[in-house]
Every structure is written in structure tokens, then in C-alpha cells.
Amino acid sequence: MFTGCGTALVTPFRSDLSLDEETLRCLVHRQVDGGINFLVPCGTTGESPTLTHAEQRRVVEITIEEARRKNVPVLAGAGGNNTSEVVERAKEWQAMGANGILSVCPYYNKPTQEGLYQHFKAIAAAISLPVVLYNIGARTGVNIETSTVKRLAEIENIIGVKEASGSISQMATVLGTLPESFLVVSGDDGVTIPLMALGGRGLISVVSNQIPAEMTRLTQLCLAGDFIGARAIHRRYFPLMEVNSIETNPIPVKAGMALMGLLEPVYRLPLVPPKPENLEKIRRALESVGLMQGAHAAR
């Protein structure tokens, strides 16, 4: 269900900082029409830390409504550092019709490996939906060690991990240690091909907010063993992948989408627009892959 390419959806805002529901629907339509394999609302790319609970609920609700047009699965984000709150949110997303839960490693309070195990075990026990772990130590301050992932994989509805540790070695160890049925997907556009060559089964992507069809094609080629074809797509769009990390995600990707005419360039503090010199780099990257043509007619 969660193989291939899933988009970590951005959350569009209006100039008054309110949730732009109309644009969100348009963005989900664009993803679905682009053939995306699954959708991931309310993750880091969706600025979930600055969304109220009511707004998170609305984002998940709209995504589910629009994804149903073509039966696209929704892996809804439910993470945090208060286990009881995460459990309640996961139960709510399940009741709303989400197909799975993506749950990030708790941040700031830096739990031990046993604490991580108990945290994710509690989430999984509260719902029947599949749970995908999200390992991104650069943001959370804690790495989910392979031994802990292995323990968690013994829980029936913990089905996989989004690997954004930044370590190919760790990804290889996870893939070599866990059963083949355990899903390992990349959390970094730039290392999708190496991870999938090692046995990973897809990607939760940032750049697919801009190029859903192309990134879906890249992952499908990898799954089919056509790494020559996948490399051709990677090489064409690597400048865009690279510029999307020029500042903290999702600042660059939202700036790029605004230049494409897909949304307004609005962020909630503490995120701010990119520096002018970086915005120019984003513009040049979009031009280099032909994404500025007809941008004003995109919405």
C-alpha cells in the first residue's frame, strides 16, 4: 500500500496565515492526477508543528476526501513527544478513514531506546492501522537504532520505517537485518536510488510536491529493476532536489511552488521566506528543468 512514491504534502496558507483549503484541494488533485502512489499529510513538510489540532484534522480530512477519487492511500502524520496525545491523534485519524499512520521519533525529550520502543508500541496498540516509523535524528535528536526497529517490527501493525537518518550504512543494516516484508522507504529524495538498490521499496518525497508524476515514475522504475531509467530521471531533477535543501524544509519547496503558481509563499513563524539570493537559486533550478513555463496558469 505504501510502496513507490508518496508525497509529504505541504500545507498552503493564505496571506492572513489561515489554512487555504481551496488550494490544498487543488494540490491533492494535482497529486492524484499525477499518479502518486500515496499521500502523507501533516508531516514536517506540512508544517505540522504550527498547525492547531483542528487544522491538522481538516488537512487530513480534505486529503482523504480528495484522494478517494482514485483510491490513493493516505498515510497521515501523527507524531510528537507526548505519547498519550499522539495515541489520541492516531485514533482520530483512523476513525476519519486514513489508511495508515506515519509517526516521527519523539523530539526534544530524547527518550532512550527502551522509551522509543514503548512509545511506538503504545501507538500501535491503540489502533488497527499500519504504522510506519519515521527516523530523522537530525531533527529529533534521537536515532532509532536498528535493534529497536527490529523489536518494533515484531509488532504486527508496525510495518515499516521512513529512513531519513542520512546514513546509507544504517539503511543497509536495517534492510539486511529486518525481514523482506518490512517496508523501508527513503525520507530523502537524493538517496532514493541507492536505498532502493539495496532493497528499499520507495520514497516519501518533498520534491514530488512539484513533480509527482516524475518521482512516481522514478520509484516504479527502481521497483522494476530499471536503474538506468531511474538514473536518467534523477539526473534531470537533481538540481531541484538539491535546491530544496538550501534552507530548512519546507521553506524552499514552498517558495518553488509559489514561483510555479501553485500556492502563496506564506509560512508560519518560526519559518520565514528564503533569503533573496536563495530564492534566485530556486528560480534558476526551476527554469533548468522547465517548471517555470506557464507557471502563472498553474492554479
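The values are calculated or read from the model by the stated rules, or taken from the named source; none is laboratory data. None of these values were measured; they are calculated from a predicted model. A quick note on method: Cβ atoms are made from the backbone with ideal geometry, for glycine too, and the neighbour counts reach across all protein chains shown. Just the protein is used for accessible areas: all its heavy atoms, side chains included, with ligands, DNA and RNA removed. Shrake-Rupley method; radii C 1.70, N 1.55, O 1.52, S 1.80 Å.
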task = Could you please state how large a percent of the accessible area of the stretch 17-149 is carbon and sulfur, counting protein chains only and using a 1.4 Å probe?
result = 49
query = Once fully extended, how much extra length lies between V272 and E114, figured as 0.36 nm per residue of separation less the alpha-carbon to alpha-carbon distance?
reply = 53.2 nm
key: Theoretical gain in end-to-end length, I155 to R25 [0.36 nm per residue, Cα-Cα removed]   = 43.3 nm
query = If you count the DSSP beta bridges with both ends in the stretch 1-150, what percent of them are antiparallel, to the nearest 5?
reply = 10
query = For the chain, with only Lys/Arg (+1) and Asp/Glu (-1) charged at the beta-carbon, what is the dipole magnitude about the Cα centre, in debye rounded to 20?
reply = 300
request  = Over the stretch 122-268, calculate the relative contact order: mean separation of alpha carbon pairs under 8 Å at least 6 apart, over the residue count, as a percent.
outcome  = 15
message = Treating only the Cβ of Lys, Arg, Asp and Glu as charged (+1, +1, -1, -1), what charge dipole size does the stretch 28-88 show about its Cα centre? Round to the nearest 20 debye.
response = 260
request  = Give me the distance in nm between label points sitting 7 Å out from Cα along the Cα-to-Cβ direction at E65 and A138, one decimal.
outcome  = 3.6
query = Can you run phi through the Karplus equation (6.51, -1.76, 1.60; θ = phi - 60°) for the stretch 56-73 and list ³J(HN,Hα) in whole Hz, with x for Gly and Pro?
reply = 4, 4, 5, 4, 5, 4, 5, 4, 4, 4, 6, 5, 5, 3, 10, 6, 7, x
request  = With a probe of 1.4 Å, find how much accessible area the stretch 5-95 has per residue, and write the answer as a whole number in Å².
outcome  = 38
Label-point separation, S84 to S245 (7 Å along Cα→Cβ), nm = 3.8
message = At 7 Å along Cα-to-Cβ for each site, give me the label-to-label distance between M96 and R236 in nm.
response = 3.5
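May I ask for the longest run of the chain untouched by GluC sites (Glu not before Pro) that are loop-located per DSSP and have at most 10 neighbouring C-beta atoms (other than their own) within 10 Å?
After excluding every exposed loop site, the longest remaining stretch is 1-153.
Treat every Asp and Glu Cβ in the stretch 24-183 as -1 and every Lys and Arg Cβ as +1, leave all other atoms uncharged, and give the resulting dipole magnitude about the Cα centre to the nearest 20 debye.
Computed about the Cα centre, the dipole is about 200 debye.
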Antiparallel bridge percentage (DSSP; both residues within the chain; nearest 5) = 5
inquiry  = Less than 19 Å apart at the alpha-carbon level, and either on another chain or at least 8 residues along: which aspartates and glutamates does that give for K121?
reply    = E85, E88, E92, E145, E154, E156, E163
note = Among chymotrypsin sites (Phe, Trp or Tyr not before Pro) in the stretch 73-150, those in a DSSP loop whose Cβ has at most 10 other Cβ atoms within 10 Å are Y108
inquiry  = With every protein chain kept in place and ligands, DNA and RNA left out, what is the accessible area per residue of the stretch 146-210? Probe 1.4 Å, answer in Å².
reply    = 36
